[in-house]
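First up is the structure itself, then whatever we jot down about it.
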Amino acid sequence: MIFAIAFCTFLLENQTSIFAGILRRTGSQILDVTDAEVWVMDPKTEYFEQTKALKDTDVNRVRGVEGVQWAVRLFKGSPVARTPNGKFAASFCLGLDDATLTGAPRKMLLGSWERLREADAIVIDKAGYVLLFPGEPLQIDRALEINDHKAVIVGISDASAPFVSWPVIHTRYSQAVNFVGRERTQLSYVLVRPSPGVSPEELTRRIQAQTGLRARTTNEFRWDCIRYYLKNTGIPINFGITIAIALIVGTVVAGQTFYLFTLENLKQFGALKAIGVSNWRLTRMVVLQALTVGGIGFSIGTGIAALFFEITLQKLATRGLVLMWQNVVLTGACILFVIVIASLLSIRRVVVLEPAEVFRG
């Protein structure tokens, strides 16, 4: 039973935490923009990766809304980055407002985001650098080619892991549109900071009412991304199947093991009933045994899960995937459900047991 509960605990905590971590990645680039609190976009935009270009004049329309402290442009594209030795990869390219560099990465491992004001300057995340320059030490002032344009790495950031394992590149807005290729309209988002005394939620309502554009707070936009992937991808089904199997296996194995334990000790239970022990006391004894076994198994399973995430946390591909306390609490509730069901299934045989029947056998 301890092994069954430990295995069930590990599977539940492992899969639910990975599931939550992957969903959190869908809005990682949104959370990395710490300067702004409101995102303005085309009315049909549903999540971060889905963009429809706004008009350049939309920035001024947003700035004219009462309660806007400032509003700046943000560009998002997916150009191909290529190294001098031919290694290449598609990338997330974020073009920041030339004057303010709003949205620049604040967690820098090497170099400085302030150098983005230099000609051809870009900041690339560590995972993207390792992907393009495998086995080489981190180094700035290296050159890349992005859609036949020269780019110079002036900084290496610790950007949050994106949903797709592409390099995350930050540069100036004017530089980013050159990398991707100029089109008639290229503005992806407008980043907004509310004036003091105006809440982000209130400002979003004002912007939507006056401009007809879609405005979302940082947290609302992040949850939009999560809901989109939950609704339109197979991620919840795949993880849900594994989680359901873990619950079923834990319940069946624990219930069967505990039932066999009860059958093997029917004589002892019969003797206890013969000397006057009530069914209620016997039930509490069995439930206590089940809770003890469940507590030991849950602790072992949680320890294994914590060790797993501690090891994988150091790897770039699985960075940001952690054992969340919410998942531990949820798993604990599920394990409690499993052991209660297992103990109740086994106690039925004891409740209907007649001492004379046992000793006669």
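The values are calculated or read from the model by the stated rules, or taken from the named source; none is laboratory data. Just so it is clear, the model here is predicted, and its values are computed rather than measured. A quick note on method: Cβ atoms are made from the backbone with ideal geometry, for glycine too, and the neighbour counts reach across all protein chains shown. Only protein heavy atoms, including side chains, enter the accessible area calculation; ligands, DNA and RNA are left aside. Shrake-Rupley method; radii C 1.70, N 1.55, O 1.52, S 1.80 Å.
Just a few scattered comments:
- For region 1-95, the convex hull drawn through the C-alpha positions has a volume of 192 cubic angstrom per residue.
- Quotient of Cα Rg and 2.2 N^0.38 Å for region 41-153, N being how many residues it contains: 1.23
- Across all directions, the average flat footprint of the convex hull enclosing the Cα atoms of region 103-214 is 9.2 nm².
- 0 to 90° range, to nearest 10: angle between helix 325-351 axis and the chain longest Cα axis: 20
- Scanning the chain for GluC sites (Glu not before Pro) lying in DSSP loops with no more than 12 further Cβ atoms inside 10 Å, the longest uninterrupted stretch between such sites is 184-361.
- Rounded accessible area per residue of region 1-65, 1.4 Å, Å²: 40
- When all protein chains stay in place and ligands, DNA and RNA are ignored, the 1.4 Å accessible-area order of ASP97, ASP120, largest first, is ASP120, ASP97.
- Take every pair of alpha-carbon atoms less than 8 Å apart whose residues are at least six positions apart; their mean separation over the length of the chain yields a relative contact order of 29 percent.
- Rg [Å, one decimal], Dmax [Å, integer] - region 97-143, C-alpha atoms: 11.4, 36
- Top of PHE337, PHE179, PHE298 by mean-square fluctuation, Gaussian network on the chain, Cα under 10 Å: PHE337
- Cα-based radius of gyration for region 190-349, normalised by 2.2 N^0.38 Å, reads 1.67.
- Candidates per trypsin sites (Lys or Arg not before Pro) in region 132-188, loop by DSSP, up to 16 other Cβ within 10 Å: ARG182, ARG184
- Residue-averaged [θ]222 nm for the chain, counting only DSSP H segments that reach four residues, each worth -39500 (n - 2.57): -17000 deg cm²/dmol
- For the chain, the Cα gyration tensor yields ellipsoid semi-axes of 58, 24, 15 Å (square root of five times each eigenvalue, largest first, whole Å).
- When the surface is traced with a 1.4 Å probe over the full set of protein chains, ILE235 keeps roughly 30 Å² accessible.
- Averaging the Cα positions of each part gives two centres, and for region 1-47 and region 53-129 these lie 24 Å apart.
- Residue with peak Gaussian network fluctuation, the chain [Cα springs, cutoff 10 Å], from GLY77, GLY21, GLY303: GLY303
- Of all accessible heavy-atom area on the chain, the percent that carbon and sulfur account for (1.4 Å): 59
- On Cα atoms only, tilt of 218-232 relative to the major axis of the chain in degrees: 60
- Degrees between helix 200-211 axis and first principal axis of the chain (Cα, 0 to 90, nearest 10): 50
- For region 155-280, average projected area of the Cα convex hull in nm²: 18.1
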